[in-house]
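Asks: Before I ask anything, let me first share the structure, which is written out below as structure tokens.
The values are calculated or read from the model by the stated rules, or taken from the named source; none is laboratory data. Note that the coordinates shown come from a computational prediction; the quantities given were computed from them, not determined experimentally. Neighbour counts are summed over all protein chains in view; Cβ atoms, including those assigned to glycine, are modelled from backbone coordinates with ideal geometry.
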Amino acid sequence: MTMSQRKIITSSNLQGFFFEGLNELNKKSLCPIPESIIFYSSEVLDKFALTQDFFEVTDEGKIRQKILGMKLLEAMQMSREEQKRTYKEVADMSLLVCGYFSESVNKKIVDTHYYAQLGKMAYGHLNNVSPSFLDIPSFYGMVSTCFESMTTLMSNFASKNRYGSDHELLFKKLNSDEGATESELLASGILPSKTNIAS
């Protein structure tokens, strides 16, 4: 994308911008997820819009990226209120890493599957200690179940914003050795074929 093709995004409400973008993609999906989860995801994107929230300061005064796996383990020894905060932080950050920032995981030792398992586990634990959101019972259990679909929508949304194409990320995956998963095809509005092609 050249400088002349780039657009400046103006919105009085950043969360509203994220919600509209994700909701638009969700409507094109063959397996759309509940709007309440889209709303929650837009809230997460808005909350972590500043990259400083991805880092923490060590006792030595050094800045490092938060180690989500360790935080999840440590949460088991915390009070109920601390558990809520920690499970939510780990889950939300895993959602972002697997979704909006999925391309950055390629530079890490662990892949998106690790963060997906971490996120689903954290949302599951959060559902046990604080299940409701907007008066919706077992809400975080639903987020855990829809985790892959949500991260696929976020990836497509990020790709659209970066490259100007809804399916840029999908096309890249289809043309790579990795290929696209069934949930990625469904979220992109493509029905996976069950037909085996004889060679």
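Asks: Looking at Tyr87, is it hydroxyl-bearing (Ser, Thr, Tyr), modelled with pLDDT of 80 or more, over 26 Å from Phe17 (Cβ atoms) and in contact with a His (Cβ under 7 Å, 6 or more places away or on another chain)?
Replies: Numbers: hydroxyl-bearing (Ser, Thr, Tyr): yes; modelled with pLDDT of 80 or more: yes; over 26 Å from Phe17 (Cβ atoms): yes; in contact with a His (Cβ under 7 Å, 6 or more places away or on another chain): yes.
For Tyr87, the condition - hydroxyl-bearing (Ser, Thr, Tyr), modelled with pLDDT of 80 or more, over 26 Å from Phe17 (Cβ atoms) and in contact with a His (Cβ under 7 Å, 6 or more places away or on another chain) - is met.
Asks: Let me ask something else about it. Could you please let me know if Gln52 is of a type outside the set (Asp, Glu), within 28 Å of Glu20 (Cα to Cα) and modelled with pLDDT under 85? Full working, then the answer.
Replies: Working: of a type outside the set (Asp, Glu): yes; within 28 Å of Glu20 (Cα to Cα): yes; modelled with pLDDT under 85: yes.
So Gln52 passes the test.
Asks: Please find, among Gly69, Gly21, the residue that is modelled with pLDDT of 80 or more and under 16 Å from Thr151 (Cβ atoms). I'd like the intermediate steps shown before the answer.
Replies: On the way: Gly69 fails: under 16 Å from Thr151 (Cβ atoms).
Of Gly69, Gly21, the one residue that is modelled with pLDDT of 80 or more and under 16 Å from Thr151 (Cβ atoms) is Gly21.
Asks: Take Ile8 and decide whether it is at pLDDT 90 or above and assigned to a loop (DSSP other than H, G, I, E, B).
Replies: no
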